[in-house]
Structures are given as C-alpha cells and as structure tokens.
Amino acid sequence: MFDLSSARFAFLDLETTGLSPWFGDRICEVGIVLTEGKRIKQQVQTLVNPERPLSIGAASTNGLTDEELATAPKFANVANVLVEWLRGTVVVCHNAQFDVQFLDSEFRRLGREIQIPNLVDTLMLAREYFDLPSYSLHSIAEVFHVPMTTEHRALDDAHTARGIFFSMMEEMKQLNKPLDEYIGIYNSPVWPNDGIQLPTELGEAIYGNRRMFIRYVNGEGEETQRWITPKQVMGLSDYVYLKAHCHLRNAERNFRLDRIIEVKVEG
C-alpha cells in the first residue's frame, strides 16, 4: 500500500509536435518533477528532437522552434534514462491518456514497450470528485491557488500538476480513501476505439456544444479569424479534423486541428 507522505511520485508532462501520434506527431519536450511525498527530490527537463517540424498549433502553444529542437537529443537517446526516472514511482499526469499515448508511440518506434504500473490522472480525479467550471490544468490551479506560469512548457506544467494533486488530496482527506484507490493501471491506448484524445482545454471547447472563436492558419499559411459551432472530431486520411459550422462562410467546413492557433469559447 502506498503512503501519500512517503510515496515516490513522478509528475510528468510532455510537449508534442501536434495532437496525434497516430498521424506521426512526436514528443519534443519532457518535464518531470520527482518527489518523495510532497518533497521535491529532482526535476528534469529535456528537449527532444522530434525529427519532424512542429505544427503551427503546437508552436503557438509551447513557443518552441524547429531550430532549437534540431540540436536536441532524439528520443532513442533519452528513452533509457526516462525509464529510470519513472521506475518505482507513482506517475502523475494531467489528462494522462493524451501524454501516455505519445510515450507508447515513441517506445513502439524503438520496438519496446513502456510499463507504467501505477498511474494517477489528475484530470480524472478532478472530474470525479470536484464540480468545477473547467478541468484544464491551469483552471484547476486557479481554483486551488496553485502557483503557475503562463508558459505551456513541460517542466512548468509538471510543477503545476504536482501542486493540484496535493491540493486535491488535502481536500479529499475526509473521504478516508488510501492513495491506492486513486491509482490506475496503464493500458496501451487504442485508437480509434477509445476515441481521439485531445488536450483538455481544446477538448472542453469542442465538446461543450457552444460557439467558438478560432484563429486558423490554412495550408497556404494564411490566417483567418471566425466563429464556428463544433459538430464532430474525426480522423481523415492525413490528420485529425474538426467538422464544424463556419459562421463566416455560413457553411460546414473541416478544420485541421493542428492549424488552430487560438480558441475562445462563447460566454
């Protein structure tokens, strides 16, 4: 049985070139905060050469550039040390299935499997035990007064995940549940049977059934701004798309998700 005050945790966050490993997107940054109970023992941040360009959407979110990633080690060169960092820990992620599907994909490229026997998803915890207006990492951090940066970088978000995890555990003390009850076993993600995993904020915006304002860059590099009403997320031949009613054109359109550089939900 795990003891919250002494268990070894690895708070993990990844930055990626886009939204879907099934369409070739790769990990481009790893951030891990290793703790014993709440006490930080080590923090790790490494850029990873993804061997492909960042999507427009990813670059606008994380601020990374293809130039700085080109000189970083490839995933094959960080895989072994990553396994060692995670070994014997309870791995904690926010929206774990999104991140872990990328780890799974990277290790499969190497003909290997990643084993995560003890996994906690702070997104699932928050949705099950707290009634919140939004379950994005930064929105939960605001509710629990967890310090955070405005940057979407791996180590910063790993620190934020640590903060919200222990804040939620404190709030849930009265449930008298052992830590073990919040731990799930990772199973290799399957697509499309499990649905298309999206980052929390984007998923909430799309599945909220409300009009959205988006900034979108088309295949020719031209940016437009428009209001849309989402209808369906779907994988087509080349990538993941959002089918939506476009109020600018008053017609149904498909928007490639990794070309959306800003989303605001009405109301």
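Could you check, for segment 145-159, whether at least one of its residues is β-branched (Val, Ile, Thr) and surrounded by fewer than 16 Cβ atoms within 10 Å (Cβ to Cβ)? Show your work before the answer.
Step one: of segment 145-159, the residues β-branched (Val, Ile, Thr) are 146, 149-150.
Within this subset, residues satisfying the condition of being surrounded by fewer than 16 Cβ atoms within 10 Å (Cβ to Cβ) are 149-150.
Scanning segment 145-159 turns up at least one residue that is β-branched (Val, Ile, Thr) and surrounded by fewer than 16 Cβ atoms within 10 Å (Cβ to Cβ).
Can you find, within segment 113-146, the residue that is farthest from VAL265 (Cα to Cα) among those that are aromatic (Phe, Trp, Tyr) and either in a strand (DSSP E or B) or over 15 Å from the mean Cα position of the chain (by Cα) (or both)?
First, the residues of segment 113-146 that are aromatic (Phe, Trp, Tyr): 129-130, 135, 144.
Narrowing further to those that are either in a strand (DSSP E or B) or over 15 Å from the mean Cα position of the chain (by Cα) (or both): 129-130, 144.
Details: TYR129: 24, PHE130: 22, PHE144: 23 Å.
That would be TYR129.
Please pick out the residue among GLY203, GLY219 that is within 27 Å of LEU86 (Cβ to Cβ) and at pLDDT 90 or above. Before you say what the answer is, go through the steps one by one.
Values: GLY219 fails: within 27 Å of LEU86 (Cβ to Cβ).
Residue meeting the stated conditions: GLY203.
Taking the options ASN95, ASN49, name whichever one is touching a helix residue (DSSP H, G or I) at 6+ places or on another chain (Cβ under 8 Å), more than 20 Å from PRO199 (Cβ to Cβ) and not aromatic (Phe, Trp, Tyr).
Numbers: ASN95 fails: more than 20 Å from PRO199 (Cβ to Cβ).
Only one candidate passes the filter, namely ASN49.
For beta carbons closer than 9 Å, sequence separation of 6+ or different chains, a first residue in segment 215-240 that is without any contact (Cβ under 8 Å) to a residue 40 or more places away in the chain and basic (Lys, Arg) and a second that is in a loop (DSSP other than H, G, I, E, B) and surrounded by 10 or more Cβ atoms within 10 Å (Cβ to Cβ), the qualifying pairs are ARG226/HIS247; ARG226/LEU248; ARG226/ARG249.
Among the residues making up segment 213-267, those that are of a type in the set (Lys, Arg), more than 19 Å from the chain's Cα centre (by Cα) and part of a strand (DSSP E or B) are ARG215, ARG226, LYS231, LYS243, ARG253. Under 6 Å between Cβ atoms, at least 6 apart or on separate chains: pull out the pairs that start in segment 1-13 with a residue that is among the charged types (D, E, K, R) and end on any residue that is part of a strand (DSSP E or B). As it stands, the answer is ARG8/GLU36; ASP13/GLY31, since those pairs meet every condition given. When segment 100-118 is filtered for residues that are surrounded by fewer than 20 Cβ atoms within 10 Å (Cβ to Cβ) and either within 15 Å of TYR182 (Cα to Cα) or not assigned by TED's automatic domain parsing to the domain that holds PHE75 (or both), only PRO117 remains.
Do the conditions hold for PHE130, that is, is it aromatic (Phe, Trp, Tyr), in the same structural domain as ILE40 (by TED's automatic domain parsing), surrounded by fewer than 18 Cβ atoms within 10 Å (Cβ to Cβ) and modelled with pLDDT of 95 or more? Break it down into steps so the answer makes sense when it comes.
Numbers: aromatic (Phe, Trp, Tyr): yes; in the same structural domain as ILE40 (by TED's automatic domain parsing): yes; surrounded by fewer than 18 Cβ atoms within 10 Å (Cβ to Cβ): yes; modelled with pLDDT of 95 or more: yes.
So PHE130 fits the description; yes.
As a summary of the residue check, ILE140 satisfies the conditions (1) touching a residue at least 60 places away in the same chain (Cβ under 8 Å); (2) of a type in the set (A, V, I, L, M); (3) within 20 Å of ASN62 (Cβ to Cβ) except for the one numbered (1). Taking segment 1-18 as the range and being in contact with a strand residue (DSSP E or B) (Cβ under 6 Å, 6 or more places away or on another chain) and either in a strand (DSSP E or B) or buried (at least 21 other Cβ atoms within 10 Å of the Cβ) (or both) as the test, the residues that pass are ARG8, PHE9, ALA10, PHE11, LEU12, ASP13, LEU14, GLU15, THR16, THR17.
Within segment 19-52, the residues that satisfy the criterion of being of a type in the set (S, T, N, Q) and either assigned by TED's automatic domain parsing to the domain that holds TYR241 or part of a strand (DSSP E or B) (or both) are THR35, GLN42, GLN43, GLN45, THR46, ASN49.
The values are calculated or read from the model by the stated rules, or taken from the named source; none is laboratory data. Given the structure is predicted, the values throughout are model-derived calculations rather than measurements. Note: ideal-geometry Cβ built from the backbone for every residue, glycine included; neighbour counts use all protein chains shown.
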